[in-house]
1. I'd like the full set of residues that are β-branched (Val, Ile, Thr) and surrounded by 17 or more Cβ atoms within 10 Å (Cβ to Cβ), limited to region 11-34.
2. Can you tell me which residue in region 145-185 is nearest to Asp203 (Cα to Cα), limited to those that are of a type in the set (D, E, K, R) and at pLDDT 95 or above?
3. Being among the charged types (D, E, K, R), surrounded by fewer than 20 Cβ atoms within 10 Å (Cβ to Cβ), farther than 20 Å from Leu22 by Cβ and touching a helix residue (DSSP H, G or I) at 6+ places or on another chain (Cβ under 8 Å) narrows it down to one of Arg191, Arg185, Arg251, Arg198, so name that one.
4. Any idea how many residues of region 197-234 are at pLDDT below 95, within 17 Å of Gly162 (Cα to Cα) and assigned to a helix (DSSP H, G or I)?
5. Every residue in region 210-227 that is over 27 Å from Ser255 (Cα atoms), in contact with a Phe, Trp or Tyr (Cβ under 9 Å, 6 or more places away or on another chain), touching a residue at least 60 places away in the same chain (Cβ under 8 Å) and surrounded by fewer than 22 Cβ atoms within 10 Å (Cβ to Cβ), please.
6. Which one is nearest to Leu10 (Cα to Cα) among residues in region 235-276 that are among the hydrophobic types (A, V, I, L, M, F, W, C), at pLDDT 90 or above and outside any helix (DSSP H, G or I)?
7. Looking at the structure I just gave you, is Arg51 more than 28 Å from Arg263 (Cα to Cα), basic (Lys, Arg) and surrounded by fewer than 17 Cβ atoms within 10 Å (Cβ to Cβ)?
8. Hey, does region 97-110 have a residue that's modelled with pLDDT of 95 or more and either more than 25 Å from Leu269 (Cβ to Cβ) or surrounded by fewer than 14 Cβ atoms within 10 Å (Cβ to Cβ) (or both)?
Amino acid sequence: MGRRKLAVALLVIEGTNCEEELRTAVAALGAQPEIVHLKQFEGRDVEPDERRRLADYQVLFVPGGFSAGDYVRAGAIFAARVRAAIGPELEEFVRSGRIVGGLCNGFQVLTELGLLPGRPGGKLGPPEAALLTNDSGHFECRPTYLAWEGGNFPALANTPPGTRYLFPSAHAEGKFILGDDGAARRAELERDGQILFRWVAPDGGPAAYPWNPNGSEGNIAGVTNPEGNVFGLMPHPERAFFRAQAPDWTRSGSSEGFGDGHRFLSLVLDYAERHG
């Protein structure tokens, strides 16, 4: 198909605020990103030529931000509106094997929809996990390191386990928990390869605060669904896309080229291109 024909929807509502960075990154990779308001999918209060169909896209991203002001819980209102507006279409999109990615607030939205960690078959349902207030009690905005677990995420299938990425974090509610049976459920996710990334220290060792910026159980920074085509990630790869976005670019003396976000998103779109 070629990336120039890879249609990527960036789903937004009021309060989303990371869509432009993500659009810039996806466009730089040669795909065709489009910022789509949820109203365009449901056909409400839009002109006929602004109407969109989810089925016409090969990739769906839910960007970061503070959708609906993070009232109730981060991502809860956005998720409720998605469920009501395009729930069956989203389930079909997931069942088709196409990529769905949630970044920061998007991870919170996909968790509220029950798509992450998810049930086999891509069904929406009650949340089985939550992203709670950071242990520090405040908004954390800092460079963070994470390591690929080598799990069930085909886009990174050829990436050696333990590969590290530097992505910035910027969230107040990122502590991933799995409820009363959290330890047993986490063991299931580990067994099934659904842990996408874990927070690590700069030397690659186990992370403590501030390298785990929120206190997530098991240092979990991202997860996938059982099939591996839906993923959620707390830090922001789109904010580490260009080398000039790296925290050390002035010390290195170079702002040319790309950062770790380019490495990650390029592999995601490569996979989508092959399987879209």
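The values are calculated or read from the model by the stated rules, or taken from the named source; none is laboratory data. What you are looking at is a predicted structure, and each value in this text was computed from that prediction instead of being measured. Glycine gets a Cβ as well: all are built from the backbone with ideal geometry, and neighbour counts include every protein chain shown.
1. Residues of region 11-34 β-branched (Val, Ile, Thr): 12-13, 16, 24, 26.
Correct list: Val12, Ile13, Thr16, Val26.
2. First pass over region 145-185, keeping only residues of a type in the set (D, E, K, R): 149, 164, 173, 175, 180-181, 185.
Narrowing further to those that are at pLDDT 95 or above: 164, 173, 175.
Numbers: Arg164: 10, Glu173: 26, Lys175: 22 Å.
The qualifying residue nearest to Asp203 (Cα to Cα) is Arg164.
3. Values: Arg191 fails: touching a helix residue (DSSP H, G or I) at 6+ places or on another chain (Cβ under 8 Å); Arg185 fails: touching a helix residue (DSSP H, G or I) at 6+ places or on another chain (Cβ under 8 Å); Arg251 fails: touching a helix residue (DSSP H, G or I) at 6+ places or on another chain (Cβ under 8 Å).
Just one listed residue meets the conditions, Arg198.
4. 1
5. The answer is Gly215, and nothing else.
6. Checked region 235-276; the qualifying residue nearest to Leu10 (Cα to Cα) is Phe241.
7. Numbers: more than 28 Å from Arg263 (Cα to Cα): yes; basic (Lys, Arg): yes; surrounded by fewer than 17 Cβ atoms within 10 Å (Cβ to Cβ): yes.
Answer is yes for this residue.
8. So the first thing to find is which residues in region 97-110 are modelled with pLDDT of 95 or more, and the list is 97-110.
Add one more test, that the residue is either more than 25 Å from Leu269 (Cβ to Cβ) or surrounded by fewer than 14 Cβ atoms within 10 Å (Cβ to Cβ) (or both), and what stays is none.
Scanning region 97-110, I find no residue that is modelled with pLDDT of 95 or more and either more than 25 Å from Leu269 (Cβ to Cβ) or surrounded by fewer than 14 Cβ atoms within 10 Å (Cβ to Cβ) (or both), so the answer is no.
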